[in-house]
1. For T147, only one of the following conditions fails: (1) crowded, with 18+ Cβ neighbours inside 10 Å; (2) closer than 30 Å to Q456 by Cα. What is its number?
2. Given the options E441, E422, name the one that is touching a strand residue (DSSP E or B) at 6+ places or on another chain (Cβ under 8 Å) and either at pLDDT 55 or above or on the phi < 0 side of the Ramachandran plot (or both).
3. What residue, of S254, S282, is small (G, A, S) and at pLDDT 90 or above?
4. Filter the range 643-699 for residues that are β-branched (V, I, T) and modelled with pLDDT of 80 or more; which is farthest from the chain's Cα centre (by Cα)?
5. Among the candidates I473, I459, single out the residue that is under 29 Å from S254 (Cα atoms) and either modelled with pLDDT of 90 or more or open to solvent by less than 40 Å² (accessible area, probe 1.4 Å) (or both).
6. Tell me, yes or no, whether the range 295-318 has at least one residue that is over 32 Å from the mean Cα position of the chain (by Cα) and touching a residue at least 60 places away in the same chain (Cβ under 8 Å).
7. Checking L260 against (1) open to solvent by less than 20 Å² (accessible area, probe 1.4 Å); (2) out of contact with any strand residue (DSSP E or B) (no Cβ under 8 Å at 6 or more places or on another chain), only one condition comes out false. Which one?
8. Condition test on G155, is it open to solvent by less than 50 Å² (accessible area, probe 1.4 Å) and either of a type in the set (D, E, K, R) or more than 19 Å from M120 (Cα to Cα) (or both)?
Amino acid sequence: MSPDPVETTALPRQRDAAPRVRERNRRDKRDPRLPIAELFSVERARRLWESLPEEHRQDHFDAANMPEDYLSAFSRRTIDRSRGWYTQSLSLRGLPEPMLWELAWCVHQQVADGYGINTMRTGELRRGLVLAVEHGGPAAQAARSLTALTHEEWGREVRGALMRTNASANSHLPGFVEHGLKHLQDRLAHAYHDGEWWRLNVWNPALDRRIPQRKHEPYGRTVANFSQLTTDWFREAAKWWLSVQLSTERYVWSSVKSRLDHLKWFQWYIDQAGCAGPHLVSTPEELRPWLRGFVDLLNNHTAMTGANKGGRLSKNSRRSTLVTIEAFYRWMYDNRAEAVAVLGDRRWGALGAHHSVLFRLEDKPRLTNQLPDDMALEDEVISQIAAGCGVLAAPKGEGGLDDRQAFHALMLLIRTGRRMSEVLMMDLEPLLPLLTVGGQEGKEPDGFVARLAYQQTKITGGDAPTIPVDQEIVDIVRLQQQWAREFVTAQGAPAGTEPRYLFLQTKNNPLGKRPYASATFHSRLGELTKALAIADSVGRPVTISKTHTFRHTRATDLINAGVPIHVVMRYLGHVTPAMTMHYAKTLAVTAEREFLRYKKVTADGRTAEVDPSDLYDLLHLDQRADRVLPNGWCMLPPRQVCSKGNACLTCDKFVTDASHREELQHQLDQSEALITRRQTQFTARHGEPMGEDNIWLAGRLAETRALGKVLVALDQVSVHEGGQLRAVRGAGAADRSESRSTVERQEPTT
C-alpha cells in the first residue's frame, strides 16, 4: 500500500521540525529522475544498431525484405477490405540517423521478447516524431535521440508542429507519440546505462536481464520505481540494500516490491517531520521521540482500501512496515564502512548502535495470522461451482465468458488445491510418469495415473515439486495443451513453435512466452461469482475469486479424511508442519462446533448442569477417546475406573445430545425387540412371562425407560426457530466430510 498524504494530518512534532533540519532535507531532495538524455551518445546508439542481425538493419520493412520473425510479429493493416488487400510494411525513414537506429533496435527487442508490433501505431509514432523534428521547436529540431526529451515534451512538440503546419487531421499523433515513447525510453535507459543495474531508479526485470529473478516469477512483469523515495541518501541506500538482498537470494522479486512499499511510508514521514540525514537526528537522545512520531503516524492513519477501509491500518501492515525499516537500518549499520565507499556518503559512517534497533517491542503490534473459520467451502458449494463453471468456457453469444483457459485453470484449482500462481505458471508439459515399485511406470490401484509438476512460487529451495493425479486431471491438462498449441499457431508463430507455459496471456503474446495473468483470472472469477450467485448453507454469498479457499478446502478434506499430517504437508508443498496446521485447525474448530451445537442431557432426561464448553475441555475429545461412547460421552473423572460395564444408560455420569439420536433410537428398538424375544422364550419354557421383579427384565426395562426419557428430552431441546423439528447428523457420523456442511447449516441450540 502506498501512503496518501491526504489521509493523515501532520502531527505537532512534525510541524515543529527545526528550520535547519528542514533546509538540510530540502537540499537532499533534488530531482530524483535519472537524466536519460545524458546517457545518450552517438557511439552508444551505433552499438545498438550494429548489435542487430544484418537482415534487421533496415530503414523500412515490406514484403521484399521482411525477416521471418518479423513476419509473424508485425500486425496486418487492411488496405482494401473488399479485395482482401492488406500490408505489414513499416517505415522508419525521415528520422535522424541515431533516432532511426534506436527505433529499429527497440522494434527488434520487442519481437525477441515475444511481443507483437502494431504497425499502425508504430507508423503513427514515426510520423509524429518526423513532424516534431521538422516543424517543432528548437529542442525538437536539434534532437538526435528518442531520449532527448521526455515523452510529455515530445507530445507538446508534436502539438506545436501540428499548429504550425495546420495539420488538424493528424490531431491523434500527440497521443500516439506520448504513449509509444514512454516504453521505448525505458528500454533505452537500461540499454544506455553502463553502471551497476541497481543504480537506476526504475527496476524493470522485463527490460533488464541483469536483475536477479527466479526462473518462474509470478510478479516478473511488475516494476519497482524508487523515484517516490525523494530523499537522495535514503533512495540510494535503499536501492543498494534491496539489490544485495535480491542478489544473495535473501529476497525474491515480490519481496523487493513489498519492502519498497514499506520504505515509502518512512519517506512520507521524513517529508513531514524532517531529518538530519542518514542518522535521522542530531543526538541519540532525540532519536526515540522522532521514531515515536513515525509509530504514531502509522497507528493514526486511516486505511483507504482493503478490509479495514475507513479504520486503522491492520496490525500486520503496521508491523511489517516497522520490521522493514528496522531491518534496513540494522543492515546499514552492520555495513556502514562499505556504505561510505559504495554510496559516496560519509554520513553513513556516523551510524551508532542505537540505529540497529530502532523500535521497541511495544511499538510493533503482535503478528496475527488467524484464518477465518469459513475458509473451507462446503461440499454443496464446491458441487455448485463445478456444475456452473462451464459459463467460463461458453461462447459469449450463449451468455458465457468465452475463456476456456479460465475454465481449465479453475478445475485444476478445485481438484489439486494448488495456489493460483502455481497453476497459471505451469510449464506446457507438466505431466510426469508415475513410478511404482521397482521403478516401473504404471497405475496405482486408487486411480492415480501420473504426477503433476508445478512451480513452487511461494517457497524457495528444493527440487521441483510434484503431486500424484488421476485421469480426470490428466485429461484437463491435455485439453489445455491442445488449446495452447492452437493459439500460438493462430497467432502466426513459426511452425513447430511450442509455447513456454500451459496457460497463456492472449494479448500481444504470439510466441506464448508469457503466462496467463493472475489479474485477468481474478476478473473472470469475479464475473463467474456474479453469474452463479452461489450462497452457502447459511445464506452468505460465496466469492469464487478468493482462490485460496479451494486450497484450504482441499487441505481440510485431506486432514478430515485421516491422511497423515506429513503426507498432507508434502502434498501442499509446506516446509514446516506449522504451516499445515493452519489448515488442521479447521478440523478442530469443526469438531468443537459440532459438540457445542447441541444441548447435553443426562440418562434421566435432565439437561446436563456442566457448561458445554467446560465439558468439551474436560473430555478432550482428541486425547480421551476412552471417554467417547457410541451413544454419548462419559463424564467420569480421568483417574477413576468404570465398574458398571455397559450400564451407561442408568449412570449419572452419562451425557448425550441430538447428534446421537439415531443411535439411541436404534438402541431402544433393539432393547424392546430383545425384551419381546426373551419374554416369548421365557413363557414357552415356564408357562408364564417374566415379572417386573425379574433381575434381568428390571435392568432392561430401566434401560428402555432411560432411552425413552433421553429421546423425549432431545426432541424438546432440538426445536429450532419457527417451531420445526430437524433431524441432524452428529459428530459421531462416519463421513466427516459430509458432516462439515451440516455443521455450517445448524444454528446453536441454547
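1. (2) is the only condition that T147 fails.
2. Exactly one residue qualifies, and that residue is E441.
3. Answer to the selection: S282.
4. T683
5. I459
6. no
7. Only one criterion is unmet by L260, namely (2).
8. no
The values are calculated or read from the model by the stated rules, or taken from the named source; none is laboratory data. As the structure is a prediction and not an experimental result, all values here were calculated from the model. When we count neighbours, we look across all protein chains shown, and the Cβ atoms used for this are built from the backbone with ideal geometry, even at glycine. These area figures cover heavy atoms from the full protein model, side chains too; ligands, DNA and RNA do not enter into them. Shrake-Rupley method; radii C 1.70, N 1.55, O 1.52, S 1.80 Å.
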